[in-house]
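Read through the structure below, which is laid out as structure tokens, and then see the notes.
Here, each number is a calculation from the coordinates, and none is a lab measurement. The shown structure was predicted, so the numbers you read here are calculated from the model rather than taken from an experiment. So basically every Cβ, Gly included, is an ideal-geometry build from the backbone, and we count neighbours across all protein chains shown.
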Amino acid sequence: MDSLYIVGIIVVCSLVTLFVRYLPFVYFGNRELPKSMIYLQNALPSAIMVILVIYCLKDVKLGFNLYDLKEIIACLVVIILQLYKRNMYISIVGGTLCYMIILRMI
Amino acid sequence: MEEYKFAFKQTLPIMFSYIFMGIAFGIMLTGLGYGVFDSLGSGLFIYAGSLQFALIGLLQAHGSVMQAAILSLLINARHIFYGLTFIERFRKMGLKRYYMIFSLTDETYSVLCDLHTPSNLNEDKVMFLIALFNHIYWIIGCIVGAILNGVLPFNLDGIEFSATAFFIIVVMNQWKNNKDHLPAIIGFICGIVCLVIFKADNFLIFALISCVILLSIIKARGENNG
């Protein structure tokens, strides 16, 4: 019984997720995009990526101790490394290490 | 093949985040008494990180299938906006596009947004491989987590920050490469305002909707004036 339950849940979640991912493609089909959509198509990535960063940081508590500031500090490390070293891998490893170290300091 | 090498390099920033988040999911799911195949099925077919974690809570409370459907819709509605970016691009990809649409997660979206394929490589193939590699990392994580059966041999808490770090770098690259900073600024304002109004759990979809509306209005205004 329980195994049927989890299979049902997985199937439903898959179908709904598939539905939302396919929706814009089905809606516009093979039609030519309206002008406004062509602008959005190019403008949206920058906006969405900024919103995704905010999404990743949404649970940050604003407090003035090292633990509460760990996300902000790690982000600054990423930004500074990226500005000066211009190597994505160094920036990601540096920021993530910094985050993991502060996480373990309490 | 050059395409494999290039695509693999593009997915490296996502690899750690996906494998370890997948492991965390597998551990939590098996912790509820479910098996390896349930974890594999979730990773393979649902393939949506935040939904799968929310699902753990729903399974714990033995929620209904209907509740699962509503939860999926609420959490994943944001994907509608990801598709808008790639409608014309995916059209050119033939049969591959069906997989591209299915596998367009936050992370794959961000890699594809920041993609600069060298001209000697087949970009369709590169995009497909990026989507596939990310999916494979996630599935590996889900399986390994379920096999570990509750015991993580090492403590990697915080490794998920690597995805955030990658997103930040994509934002920086886009800022550098685009002359028009308006979309990024609008995105920032909508994100912050909606976060304050709607709070952490609900703000994302409102931020995306308000951002699309604002950008459309500003664009229309600009055309009327110019």
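What average count of beta carbons from other chains do you get within 10 Å of the Cβ of residues in B:83-91?
On the way: counts 9, 12, 8, 4, 12, 6, 1, 1, 4.
Mean shielding count: 6.
Based on the Cα gyration tensor of the range B:1-78, what are the three equivalent ellipsoid semi-axes, each the root of five times an eigenvalue, rounded to whole Å and given largest first?
Working: eigenvalues 155, 47, 20 Å².
Output for the range B:1-78: semi-axes of 28, 15, 10 Å.
Residue A:30 versus residue B:73, label points 7 Å from Cα toward the beta carbon: distance in nm?
It is 3.1 nm.
What's the ranking of B:51-59, B:89-97 by average number of surrounding C-beta atoms within 10 Å, highest first? Walk me through the intermediate numbers first.
Numbers: B:51-59: 18.9, B:89-97: 14.2.
Most protected by this proxy first, the peptides run B:51-59, B:89-97.
With +1 on each Lys and Arg Cβ and -1 on each Asp and Glu Cβ, and nothing else charged, work out how big the dipole of the protein assembly as shown is about its Cα centre, in Debye to the nearest 20.
Working: 23 positive and 19 negative charges, 150 e Å.
It works out to roughly 720 debye.
What is the dipole size for the range B:40-175, taken about its Cα centre, with +1 at each Lys and Arg Cβ and -1 at each Asp and Glu Cβ, in debye to the nearest 20? Mind showing how you got there, number by number?
On the way: 7 positive and 8 negative charges, 92 e Å.
Once rounded to the nearest 20, the dipole reads 440 debye.
Taking the Cα centre as origin and putting +1 on Lys and Arg beta-carbons and -1 on Asp and Glu beta-carbons, what dipole magnitude results for chain A, to the nearest 20 debye?
On the way: 9 positive and 5 negative charges, 65 e Å.
Roughly 320 debye for chain A.
Given axes a ≥ b ≥ c from the Cα gyration tensor, I'd like to know whether the range B:2-158 is rounded (a/c under 1.5), prolate (a/b larger than b/c) or oblate. Please list the in-between numbers first.
Numbers: a/c = 2.54, a/b = 1.51, b/c = 1.68.
Here the range B:2-158 falls in the oblate category.
Report the far tail of the P(r) of the range B:112-226, meaning the percent of Cα-Cα pairs longer than 23 Å. Before the final figure, lay out the partial values.
Values: 3690 of 6555 pairs.
Everything past 23 Å amounts to 56 percent.
Can you give the average number of partner chain beta-carbon atoms within 10 Å of each beta-carbon in peptide A:32-45, as a whole number? Don't skip to the answer; put the middle values down first.
Numbers: counts 1, 3, 0, 3, 5, 4, 3, 9, 10, 6, 4, 14, 11, 16.
So the per-residue partner count for this stretch is 6.
Using helices alone, what [θ] at 222 nm do you get for chain A, with -39,500 (n - 2.57) per DSSP H run of 4 or more residues, divided over all residues and rounded to the nearest 500? Mind showing how you got there, number by number?
On the way: 4 runs with 81 residues, N = 106.
Computed ellipticity for chain A at 222 nm equals -26500 deg cm²/dmol.
Helix check for chain A. Which DSSP H runs span at least 15 Å along their own axis by Cα, with a mean Kyte-Doolittle hydropathy no less than 1.6?
Going by DSSP H runs, the hits are A:2-28, A:70-85, A:88-103.
Once phi is turned into ³J(HN,Hα) by the Karplus curve 6.51 cos²θ - 1.76 cosθ + 1.60 with θ = phi - 60°, what whole-Hz value does each residue of the range B:150-155 show in order, with x for glycine and proline?
Listing the rounded values in order: x, 10, 8, x, 9, 9 Hz.
Most mobile of A:26, A:78, A:50 per a Gaussian network model of chain A (Cα springs, under 10 Å)?
Maximum fluctuation in the GNM of chain A, among the listed residues, is at A:26.
Given the options B:13, B:183, B:118, state which has the largest fluctuation in a GNM of chain B using a 10 Å cut-off (strictly under) for Cα springs.
Between B:13, B:183, B:118, it is B:118 that shows the largest mean-square fluctuation.
Quick one: helix B:65-76 against the long Cα principal axis of chain B, what's the angle to the nearest 10°, folded into 0 to 90?
40 degrees
On a 0 to 90° scale, report how tilted helix B:123-148 is relative to the longest principal axis of chain B, with both axes built from alpha carbons and the result rounded to the nearest 10.
Helix B:123-148 and the main axis of chain B meet at about 30 degrees.
Angle between the Cα long axis of helix B:182-225 and the longest principal axis of chain B, 0 to 90 degrees, nearest 10?
Relative to chain B, helix B:182-225 is tipped by roughly 30 degrees.
Please identify, among A:34, A:24, A:45, the residue showing maximal mean-square fluctuation in a Gaussian network model of chain A using a 10 angstrom Cα cutoff.
A:24
What FRET efficiency do you get for residue B:185 and residue B:116 if R0 is 30 Å and r is their Cβ-Cβ distance, rounded to the nearest 0.05? Numbers along the way, then the final one.
Values: r = 23 Å, r/R0 = 0.78.
For R0 = 30 Å, the calculated efficiency reads 0.80.
If you add up the charges near residue A:100, with Lys and Arg at +1 and Asp and Glu at -1, over every other residue whose beta carbon is less than 15 angstrom from its beta carbon, what do you get?
Details: positive: A:70, A:104; negative: A:71, B:157, B:160.
So the environment of residue A:100 carries a net charge of -1.
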